[in-house]
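The values are calculated or read from the model by the stated rules, or taken from the named source; none is laboratory data. Just so we're clear, the structure is a prediction, and the values are computed from it rather than from any experiment. Neighbour counts run over all protein chains shown; Cβ positions are idealised from the backbone, glycine included.
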C-alpha cells in the first residue's frame, strides 16, 4: 500500500513538473511576442540609442575586436565586463552595431528569460491566477519594455536576479524535503544542481553590475544559513 502511494505521488509530481514546463514555455512565447512588438516600435522611432550609456556599451564591445589595439585590455572601463562579452558576437556586424540591434538582441533574450523565470517563481507560492497577475505586472512594465530594446544592463541584471532566486528557492525546498524522515535521493542530487546553477548565475551578476556584489552576498548568506541549520541534528 505504501509503495503504491509513493508511486502515485511520484507520478503526480512528474505530471506537475511537466505541466509547469509547458506553462513556462507558453509564458516565454508571449514574452517574445511582447519583446518583438516593443522592439518594432522603438526601432521605428529611433529610440534604440537614446541613452548615451547604451552607445558606450556598444563601443566597448566593438573595440575589443575592432580598434587600433584590439584585445581583452579594451574591456577595462568603469562598467563591469560581462554585458560587453555578451554583445561581442553581435557588434561585429557593422549595421547591427550602428543601429543598436547588437545591444538589443541580448537584452531582449534576457527579457524573455526573465518573464519565463518569474512565472516559474510565482507558481511556487501563487495559484495560476495570482501568477498571471504578477507576471503580467512585470512583463507589461513600459520602462522595461523599452530598456530591453537597448544595450543597457538592467534587463540582464533582472534576469540574473530572477533566475538565481528561482534556483535558490529550488535549493531551499529540496533541502527542506531532504531533511524530512522520508528522504528522496533524487531531491538530494537536485540540491547540488540548483545551488551550482545559482552560483554560476551569481558569478555573472557580479561582473554585470555593482549591485550584483550585494545581491550575491545576500544569496550566499541565505544558502549558508540554510545549510548550517540542515546540518544540525534534529531533536526528537
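Only one entry of 149, 165, 135 meets the criterion of being in a loop (DSSP other than H, G, I, E, B) and at pLDDT 95 or above, and that entry is 149. Residue 115: in contact (Cβ under 8 Å) with a residue 40 or more places away in the chain, surrounded by fewer than 19 Cβ atoms within 10 Å (Cβ to Cβ) and part of a helix (DSSP H, G or I), yes or no? Here the answer is no, as residue 115 does not meet what is asked. Among the residues of region 74-83, are any at pLDDT 95 or above, surrounded by fewer than 20 Cβ atoms within 10 Å (Cβ to Cβ) and part of a helix (DSSP H, G or I)? Checked against the condition, which is being at pLDDT 95 or above, surrounded by fewer than 20 Cβ atoms within 10 Å (Cβ to Cβ) and part of a helix (DSSP H, G or I), region 74-83 yields no hits at all.
Each row is one residue, and each column tells you yes or no for (1) within 24 Å of residue 138 (Cβ to Cβ); (2) under 20 Å from the mean Cα position of the chain (by Cα); (3) free of Cβ contacts under 8 Å to residues at least 60 places away in the same chain.
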site	(1), (2), (3)
35	yes, yes, no
46	no, no, yes
50	yes, no, no
59	no, no, yes
111	yes, yes, no
121	yes, yes, yes
